[in-house]
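To start, the structure under review is shown below, and the notes come after it.
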Amino acid sequence: MKSMPTVAIVGRPNVGKSSLLNALVGKRISIVQDMPGVTRDRVSAPLSIEDRFVELVDTGGYGFVDADLTEHIRHQIEVAMTRAKAVVFLVDVQDGLTSADQQIASMLRGKGIRTILVANKADGPKWDAALGEFARLGLGTPIGVSAINVRNLDQVREAISNSVDLKDAPTKMTPPEMLVAIVGKRNAGKSTLVNSIAEVFEGEGDRVIVSEIPGTTRDSVDVRFEKEGRSLVVIDTAGVRKKRHMVTNDIEFYSFHRAQRSVRRADVVMLLIDATEPISEPDKKLAQYVAEEFKPVLLVINKWDLAKKTLAEKKKKGDGEVDERQVMEKYREYVDAELPFLNYAPIAFVTAKDGRNVQGAVDQAQHLFKQSRHRMTTGRLNQAIRSILQERPPSTPFGRKAKVFYAAQIDVAPPTIVLVVNNPAFIDDSYQRHIINRLRDVLPYPEVPIRMLIRPRGRTMEKALDEMDEEGVKKAGEGREKLRGARKSKRRAKAGARATKARRHGGTK
């Protein structure tokens, strides 16, 4: 696919860059909060201009002062500007011209970057009279817009069209084949993993800010890359904290819900766990949410090099050597004990900082993606259900017998199986879990969640599955036709018997 030309939105903090991006693309992509420093990474989204697509990039506030992150934010802004075909320089008409605006304008002129000057918060015509003040920036008179009230945004699109050569821009956006959400608690290494993936597949290792400062990532950031000719997206998300922090902090609250939304969007989830720390409440909370959403999940154990180093140091004191395979097996047992509802999920041990086993983790994610989309034939599924019932039938009250008339897979992602039974109450949650666990053993989706639905039988079902012959039915349609044919034959036979009996009685009389 043709690459999209990039248009970056820059400006000082709190002028409405994130609001403008959201308004132009018509989606809530960036977090909007009335305080500086919320946006830190490069947050991008495709924008349609005259049936062509450009990549619109939101950046952090230029000049935002943070003792630990200022240089990181500035670097991301400069990377965005360097790669951009044009820059939307956003100012605040209600604040008027500031020295910070003048510094940014001077920098843009010095770099020779094609610039579109836009003044936000011009909520009505009365503010248009104030636009002339910004002509002193040497970038012409700005376009007065209101991102919140969606005012004059068509003029911004037209200005982008006039500033960017769109003839080579793609005319359609091919959706990615797979979306992978990377979630985890603070400082588990999510952004480092995203950058490692970008480095391995795209040669760009600084896609998002990486810092030892907890809470650096606030937004969910989509990073697209190509793998073996296929377009994939990884989603970097904000680190999750304990619930009490979200009650008192709006940014924490919105960041957590963005992470949840990323899980819902994703085809596969990478749950990142810090190997150097015990599994915590946020880890369990995220794992529970992923399980509830029936998402395929890869448990990515990060900082494995540090964990091994710590263990090796302990072993030296005891005159023993570290067997890495045994250590991995022990850690698997530990994870299963802490997260029992994800005991089917595979594990990848990585060191994101060095890119170790990062490609293997992406390969495993693709494998889970394929598993979750596998559709099993009805005949094989019914054979599997029959064998499970024979091995261990469900226990029911008062000696009554649970009967499964029919089983069918009705959906994928997750694989969704319906059991048609005589009484749904006889197939309780515990037995459903037993069936699902056994299905993982015998069907080709052993590492992904399976959704099971229990339904009472319909009128066309006459035989229970355990009374069918061992070969079963090859297809659902064939099975139903056989049942219908048997019922019709039975009715005709009864009708013929009644007619014969009536004739005999008539003859006697």
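The values are calculated or read from the model by the stated rules, or taken from the named source; none is laboratory data. Note that this is a predicted model, so its numbers are computed, not measured. FYI the Cβ positions are ideal-geometry reconstructions off the backbone, even for glycines, and counts take in every protein chain you see. Protein only, heavy atoms only, side chains kept; ligands, DNA and RNA dropped before computing areas. Shrake-Rupley method; radii C 1.70, N 1.55, O 1.52, S 1.80 Å.
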Can you run down the residue pairs with Cβ atoms below 6 Å, 6 or more apart or on separate chains, where the first is in the range 125-148 and on the phi < 0 side of the Ramachandran plot and among the polar types (S, T, N, Q) and the partner is at pLDDT 90 or above and assigned to a helix (DSSP H, G or I)?
Thr141/Leu131; Thr141/Ala135
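Conditions (1) in contact with a Gly (Cβ under 7 Å, 6 or more places away or on another chain); (2) farther than 18 Å from Ser280 by Cα; (3) at pLDDT below 90; (4) open to solvent by less than 60 Å² (accessible area, probe 1.4 Å), marked per residue:
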{"residue": "Ala307", "(1), (2), (3), (4)": "no, no, yes, yes"}
{"residue": "Lys315", "(1), (2), (3), (4)": "no, yes, yes, no"}
{"residue": "Val322", "(1), (2), (3), (4)": "no, yes, yes, yes"}
{"residue": "Tyr334", "(1), (2), (3), (4)": "no, no, no, no"}
{"residue": "Ala337", "(1), (2), (3), (4)": "no, no, no, no"}
{"residue": "Pro340", "(1), (2), (3), (4)": "no, no, no, no"}
{"residue": "Asn343", "(1), (2), (3), (4)": "no, no, no, no"}
{"residue": "Ala348", "(1), (2), (3), (4)": "yes, yes, no, yes"}
{"residue": "Asp354", "(1), (2), (3), (4)": "no, yes, no, no"}
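Thr82 - would you say it is closer than 26 Å to Pro176 by Cα, open to solvent by 70 Å² or more (accessible area, probe 1.4 Å), of a type in the set (S, T, N, Q) and modelled with pLDDT under 85?
On the way: closer than 26 Å to Pro176 by Cα: yes; open to solvent by 70 Å² or more (accessible area, probe 1.4 Å): yes; of a type in the set (S, T, N, Q): yes; modelled with pLDDT under 85: yes.
Yes; evaluated as a whole, the condition is true for this residue.
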Suppose we filter the range 445-485 for residues that are at pLDDT 70 or above and open to solvent by less than 60 Å² (accessible area, probe 1.4 Å); how many remain?
10
Given the condition touching a residue at least 60 places away in the same chain (Cβ under 8 Å), out of contact with any Leu (no Cβ under 8 Å at 6 or more places or on another chain), closer than 30 Å to Glu228 by Cβ and among the polar types (S, T, N, Q), answer yes or no: does some residue in the range 375-387 qualify?
yes
Of all residues in the range 106-130, which are modelled with pLDDT of 90 or more and hydrophobic (A, V, I, L, M, F, W, C)?
Ile116, Leu117, Val118, Ala119, Ala122, Trp127, Ala129, Ala130
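Out of all the residues in the range 122-140, which are assigned to a loop (DSSP other than H, G, I, E, B) and closer than 12 Å to Val93 by Cα?
To start, the set of residues in the range 122-140 that are assigned to a loop (DSSP other than H, G, I, E, B) comprises 122-124, 138-140.
Hits for the range 122-140 are Ala122, Asp123, Gly124.
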Filtered residues of the range 116-128 (kept if open to solvent by 30 Å² or more (accessible area, probe 1.4 Å) and not acidic (Asp, Glu)):
Lys121, Pro125, Lys126, Trp127
Given the structure, is Leu306 of a type in the set (A, V, I, L, M, F, W, C) and within 24 Å of Leu179 (Cα to Cα)?
no
So the check is Cβ under 8 Å with 6+ separation or different chains; which pairs have a first residue in the range 83-103 that's on the phi > 0 side of the Ramachandran plot and a second one that's open to solvent by 10 Å² or more (accessible area, probe 1.4 Å)?
Gly96/Ala130; Gly96/Glu133
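When the range 15-41 is examined, which residues are found to be at pLDDT 85 or above and touching a Pro at 6+ places or on another chain (Cβ under 9 Å)?
Scanning the range 15-41 gives a single hit, Val25.
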Note on Lys167: of the conditions (1) out of contact with any helix residue (DSSP H, G or I) (no Cβ under 8 Å at 6 or more places or on another chain); (2) assigned to a helix (DSSP H, G or I), unmet is (2)
Can you name every residue in the range 419-442 that is touching a residue at least 60 places away in the same chain (Cβ under 8 Å) and touching a Gly at 6+ places or on another chain (Cβ under 9 Å)?
none
Consider only pairs whose beta carbons are under 8 Å apart and that are at least six residues apart or on different chains; among these, list those whose first residue lies in the range 1-25 and is under 27 Å from Asp165 (Cβ atoms) and whose second residue is among the aromatic types (Phe, Trp, Tyr) and surrounded by fewer than 22 Cβ atoms within 10 Å (Cβ to Cβ).
Met4/Phe53
